[in-house]
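Engineer: After the structure tokens below, expect a handful of questions from me.
The values are calculated or read from the model by the stated rules, or taken from the named source; none is laboratory data. Fair warning: this is a prediction, and the values are worked out from it, not measured in the lab. Ideal geometry is used to build each Cβ from the backbone, glycine not excepted, and the neighbour counts take in all protein chains shown. Quick note on the areas: whole protein, heavy atoms, side chains included, nothing else; ligands and nucleic acids left out. Shrake-Rupley method; radii C 1.70, N 1.55, O 1.52, S 1.80 Å.
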Amino acid sequence: MVLGMRLRTLREKAGVSFDQAAKALHVNQTTVRRMEKAEVGLKIPYVEKLLLTYGVPREEVDAFLALAQEANRPGWWHRFRDVLPEWFSLYVSLEEAAYRIRAYEPHCVPGLLQTEDYARALFRVGFPAASDQELDRRVALRLERQALLTRPDAPHLWAVIDETALRRPVGGPAVMRAQIDRLVEALAMPNVTLQVLPFAAGPHPGMFGPFQIFRFQIPELPDIVYGENLTGAGYVDQRADVATYLEALDRMCTQATPVHRTEAFLGAIRKEY
């Protein structure tokens, strides 16, 4: 995404139109547009030809090509292509690159904080026709994603969990007790902030569904909002739209239980299991 944005900046700075760039590659304009929007992989010969067309010095071209080769290298999650749909592959890559992740979860515990048994119970319901082997693969992917919270450059996760998600029994009482224990353990992590949005808070701006907001340290990357439905997902990066989500989440944080009371709230629900 970053390299695509840089290609666009270089093209505009050089005063080269989409049509001129396309003719240099002997392709149509759509190919150039898709390269700039990161909708296709960056073919090294194409990138090199574009950079030379834009008048970029040879030494800068070589440095750019090295970055392009790195960007084309598959991430670890490509090992799970059999259970990882295209629309969620982007989510995992954004999750890996973000330095701050904010989330609202009204239905279930955030994936990065789920226990193995809780995740398996969810998948068993979400994919009723899946074999045990497929369920194992899906659980393994989810657990491997969680490793990012303990790496040296771990992102900060700030999640608001609806009380509904904690009271909806998934996998039985023992599974729920262990899951709540996992959330309590996460509270001790310096890069995890959890709040619970109680029923008593009444209506709130996020009642339309779950969403996540990714923020990056790379200046070219805007904040990106992710939301999913039964068969796919949507990604929002327009500044005005992202600002609406941010404002909604900020308001929800003020309605939620204060962070220092989260452990007590979780403990009270655990006793009911």
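Engineer: Rounded, prolate or oblate: which fits the range 114-162, taking a ≥ b ≥ c as square roots of the Cα gyration tensor eigenvalues, rounded meaning a/c under 1.5, else prolate when a/b beats b/c?
Structural biologist: In terms of gyration-tensor shape, oblate.
Engineer: Quick check on the range 96-248: take the gyration tensor over C-alpha atoms, sort the square-rooted eigenvalues as a ≥ b ≥ c, and tell me if it's rounded (a/c under 1.5), prolate or oblate.
Structural biologist: Details: a/c = 1.44, a/b = 1.32, b/c = 1.09.
Rounded, because the longest to shortest axis ratio a/c is under 1.5.
Engineer: Per-residue accessible area for residue 185 at 1.4 Å probe radius, Å² rounded to 10?
Structural biologist: Solvent-accessible area, nearest 10 Å²: 110 Å².
Engineer: First check a/c for the range 64-183, with a ≥ b ≥ c the square roots of the eigenvalues of its C-alpha gyration tensor; if it is under 1.5, answer rounded, and if not, answer prolate when a/b is larger than b/c or oblate otherwise.
Structural biologist: Oblate, because a/c is 1.5 or more while a/b does not exceed b/c.
Engineer: What does the helix-only formula give at 222 nm for the chain: each DSSP H stretch with n ≥ 4 adding -39500 (n - 2.57), the total divided by the residues, and the result rounded to the nearest 500 deg cm²/dmol?
Structural biologist: It comes out at -15500 deg cm²/dmol, rounded to the nearest 500.
Engineer: If packing is taken as the mean number of other Cβ atoms within 10 Å per residue, what is the order of 186-196, 222-232, highest first?
Structural biologist: 186-196, 222-232
Engineer: FRET efficiency for residue 182 and residue 131, Cβ-Cβ distance as r, R0 = 35 Å, nearest 0.05?
Structural biologist: With a Förster radius of 35 Å, E is 0.85.
Engineer: Another question, if that's okay. Roll a 1.4 Å probe over the protein chains and send me the accessible area per residue for the range 1-139 in Å².
Structural biologist: It amounts to 55 Å² per residue over the range 1-139.
Engineer: A further question follows. Using Cα atoms only, what is the angle between the long axis of helix 262-272 and the major principal axis of the chain, expressed in degrees (0 to 90) to the nearest 10?
Structural biologist: Roughly 50 degrees between the two axes.
Engineer: Normalising by the residue count of the range 22-94, find the relative contact order in percent from Cα pairs under 8 Å and 6+ residues apart.
Structural biologist: Reported as a whole number, the value is 23 percent.
Engineer: Through the Karplus equation 6.51 cos²θ - 1.76 cosθ + 1.60, θ set to phi - 60°, convert the phi angles of the range 37-48 into ³J(HN,Hα) values in whole Hz; use x for Gly and Pro.
Structural biologist: 8, 6, 8, 9, x, 8, 6, 4, x, 5, 4, 4
Engineer: With an 8 Å Cα cut-off and a minimum separation of 6 or more residues, compute the relative contact order for the chain in percent.
Structural biologist: On the way: 340 pairs, mean separation 49.6, N = 273.
Relative contact order here is 18 percent.
Engineer: If I model a spin label at residue 263 and residue 9 as a point 7 Å from the Cα along the Cα→Cβ vector, what separation in nanometres do I get?
Structural biologist: Label at residue 263, label at residue 9, 4.4 nm between them.
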